[in-house]
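First up is the structure itself, then whatever we jot down about it.
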Amino acid sequence: NMACNEIYLSPNWRAGYANLHIDGGIASAVVDTVAGGKIRVTVTSEYNNVRDTIVVLWGLTAFSKFAYYSYIEGAIYWITGDTVWGPFHSQQRLNVSGNPVFYGKVTTKNGLFRQPKSSKPKFYGGYQTGVSITLPVDFQPLKVAAQTAGRYISKKDVSLTFNADGTVTYQEGSGPVATVPLTTYAPNGAIFVDNGNLRIKGTISGRATVAATGSSGAAKGNVYLDDDIVYAHDPRSGSSDDLLGICADNDVIITENAANNSDIRIDGSIFSRSGGLKADNYNGRPVSGTIHLLGGIIQYQRGPVGTFSGSPPVIDHGFQKKYRYDNRLMVDTPPYFPTTGSYEILSWYER
């Protein structure tokens, strides 16, 4: 606990302890950096001829652990019938009306607002306010990873179709269409489109994080979902190592096309640095079924995906929503997914 407290206060602390005498016992702590930039604390101790070893692993908190994150919550209210699984954070205040249910830990920067005051949200994973978690200014670590041992494309729009056999079919700009193993296209799983847009669909077998960056004024930096993007091995029905991160400087957009006019399925953690998840022509497209999301959404501001009318309300354009958290994201993360800059304990092993 003493060593962990030092790391919490200063992640660069590596001094450790050597033969520290405590109430008749003796302990030593070795702190080192291991693969992936993680911090390992190994403590050995002895008291009354009983020896003990504890190994604690720290790592940067990835945004992918959130089921839901918003920088601007605005006038959105969480109401009776709303249920969120997994960690939740609002960088503003959390507005509730009625009795929404939150199963993961909920954190906010600016507190909780109840309307009416009799509202009783259920926080089964705990609630904490005064917590500030800001979005990164860019995707630099992901960009470097793509340039080093992944796939980096500059000033071109890119289309990717993931295939269940572990390959990916791609077109970069006006170049030829080609199909190669995903591990050949991006060996470390980082795919970065710089100053361009990215279109994706298909069935992914493997692990990847895709990103598009660029100025909203130049209509770049968007990721378009042209059809379902799902895992080859569904983690809800067995073991799966498939994992996808979808990152955009601006918006992640559900394309208006025939394929997306009858539901869309999205497996992955969505990260929108200055926009949100939205549906193309959300207030003019036909009723398009349901967005089935398995993963999480991290966004600057919630984007519109449909409209409704009547009482009780009925969708008249766009999508309904059915979001389910991928529990693996509590301990696992897509390759080089953006982090909060803060460290947390990933595991605690005693022998």
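The values are calculated or read from the model by the stated rules, or taken from the named source; none is laboratory data. On a predicted model such as this, the values are computed, not experimentally measured, just so you know. As a convention, Cβ positions derive from the backbone with ideal geometry for all residues, glycine included, and neighbour counts pool all protein chains shown. Surface areas here come from the heavy atoms of the whole protein model, side chains and all, with no ligands, DNA or RNA. Shrake-Rupley method; radii C 1.70, N 1.55, O 1.52, S 1.80 Å.
Pick from Val55, Val43, Val30: which is of a type in the set (A, V, I, L, M, F, W, C) and open to solvent by 50 Å² or more (accessible area, probe 1.4 Å)? If you could, list the steps in order and put the result at the bottom.
Numbers: Val55 fails: open to solvent by 50 Å² or more (accessible area, probe 1.4 Å); Val43 fails: open to solvent by 50 Å² or more (accessible area, probe 1.4 Å).
Among Val55, Val43, Val30, only Val30 is of a type in the set (A, V, I, L, M, F, W, C) and open to solvent by 50 Å² or more (accessible area, probe 1.4 Å).
Among the residues of the range 36-70, write down those that are part of a helix (DSSP H, G or I) and closer than 17 Å to Ile246 by Cβ. Scanning the range 36-70 gives Phe63, Ser64, Lys65.
Residues that are open to solvent by less than 20 Å² (accessible area, probe 1.4 Å) and either under 21 Å from the mean Cα position of the chain (by Cα) or farther than 18 Å from His233 by Cα (or both) within the range 154-174 comprise Val158, Leu160, Phe162, listed in sequence order. Selection of the range 2-22 for residues being within 29 Å of the chain's Cα centre (by Cα) and exposed (fewer than 13 other Cβ atoms within 10 Å of the Cβ) yields Asn5, Leu9, Ser10, Asn12. Just wondering, is there one or more residues in the range 292-307 that are under 20 Å from Lys65 (Cβ atoms), open to solvent by 60 Å² or more (accessible area, probe 1.4 Å) and part of a loop (DSSP other than H, G, I, E, B)? Checked the range 292-307: at least one residue is under 20 Å from Lys65 (Cβ atoms), open to solvent by 60 Å² or more (accessible area, probe 1.4 Å) and part of a loop (DSSP other than H, G, I, E, B). Residues in the range 108-130 include none that are within 24 Å of Gly275 (Cβ to Cβ), open to solvent by less than 80 Å² (accessible area, probe 1.4 Å) and aliphatic (A, V, I, L, M).
Condition check: open to solvent by less than 10 Å² (accessible area, probe 1.4 Å) and either without any contact (Cβ under 8 Å) to a residue 12 or more places away in the chain or over 30 Å from Pro335 (Cβ atoms) (or both). Does Pro100 satisfy that? If you could, list the steps in order and put the result at the bottom.
Values: open to solvent by less than 10 Å² (accessible area, probe 1.4 Å): yes; either without any contact (Cβ under 8 Å) to a residue 12 or more places away in the chain or over 30 Å from Pro335 (Cβ atoms) (or both): yes.
When the stated conditions are applied, Pro100 passes them.
So if I check each of Pro338, Pro313, which one is of a type outside the set (Lys, Arg) and either open to solvent by less than 30 Å² (accessible area, probe 1.4 Å) or in contact (Cβ under 8 Å) with a residue 12 or more places away in the chain (or both)? Walk me through how you get there before you give the answer.
Numbers: Pro313 fails: either open to solvent by less than 30 Å² (accessible area, probe 1.4 Å) or in contact (Cβ under 8 Å) with a residue 12 or more places away in the chain (or both).
Just a single option satisfies the conditions, and that option is Pro338.
In summary, Val193 fulfils each of the numbered conditions (1) under 22 Å from Ala62 (Cα atoms); (2) under 18 Å from the mean Cα position of the chain (by Cα); (3) of a type outside the set (Asp, Glu); (4) open to solvent by less than 40 Å² (accessible area, probe 1.4 Å) with the single exception of condition (2).
Yes or no, residue by residue, for (1) more than 21 Å from the chain's Cα centre (by Cα); (2) within 20 Å of Pro141 (Cα to Cα); (3) of a type in the set (D, E, K, R):
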| residue | (1), (2), (3) |
| --- | --- |
| Arg199 | no, no, yes |
| Arg207 | no, yes, yes |
| Ser216 | yes, no, no |
| Ile229 | no, no, no |
| Ile253 | no, no, no |
| Asn257 | yes, no, no |
| Ser272 | no, yes, no |
| Tyr282 | yes, no, no |
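Of everything in the range 220-244 that is at pLDDT 95 or above and of a type in the set (S, T, N, Q), the residue that is farthest from Asp326 (Cα to Cα) is Asn222.
Consider Lys278 carefully, then state whether it is over 13 Å from the mean Cα position of the chain (by Cα), at pLDDT 95 or above and open to solvent by 50 Å² or more (accessible area, probe 1.4 Å).
Values: over 13 Å from the mean Cα position of the chain (by Cα): yes; at pLDDT 95 or above: yes; open to solvent by 50 Å² or more (accessible area, probe 1.4 Å): yes.
So Lys278 fits the description; yes.
In the set (1) open to solvent by 60 Å² or more (accessible area, probe 1.4 Å); (2) in contact with a Pro (Cβ under 8 Å, 6 or more places away or on another chain); (3) in contact (Cβ under 8 Å) with a residue 24 or more places away in the chain, the condition left unmet by Thr83 is number (3). Taking residues in the range 297-308 that are within 24 Å of Leu329 (Cα to Cα) and in contact (Cβ under 8 Å) with a residue 60 or more places away in the chain, and partners anywhere that are charged (D, E, K, R) and open to solvent by 50 Å² or more (accessible area, probe 1.4 Å), the pairs with Cβ atoms closer than 7 Å and at least 6 places apart or on different chains are Tyr300/Arg273. In the range 201-213, the count of residues that are assigned to a loop (DSSP other than H, G, I, E, B) and surrounded by fewer than 16 Cβ atoms within 10 Å (Cβ to Cβ) is zero.
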